[in-house]
1. To one decimal place, what Kirkwood hydrodynamic radius in Å is obtained for the chain from all pairs of distinct Cα atoms?
2. Per-residue ellipticity at 222 nm for the chain, helices alone: DSSP H runs ≥ 4 residues times -39500 (n - 2.57), over residue total, nearest 500 deg cm²/dmol?
3. For the chain, what does the relative contact order come out to in percent, with C-alpha contacts under 8 Å and a separation of six or more?
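What follows is calculated from the coordinates using simple rules that are stated; it is not laboratory data. Just so we're clear, the structure is a prediction, and the values are computed from it rather than from any experiment.
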């Protein structure tokens, strides 16, 4: 976690098992790990904006939503 001025940046990892339908993709029971970066802007002690970034292609490959890329 990094904070400077009115911004807070958080880097964390989601991990779990794909046990139910997600975005129309049936459960694969595969383990997944997904790094996430979030940026928040705070004003007057309140959260006023938020952005997040994660690799959606990687997520779909992890849960067998699409075939793994051979270009990596």
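1. 14.1
2. The per-residue figure over the chain is -2500 deg cm²/dmol.
3. Computed value for the chain: 27 percent relative contact order.
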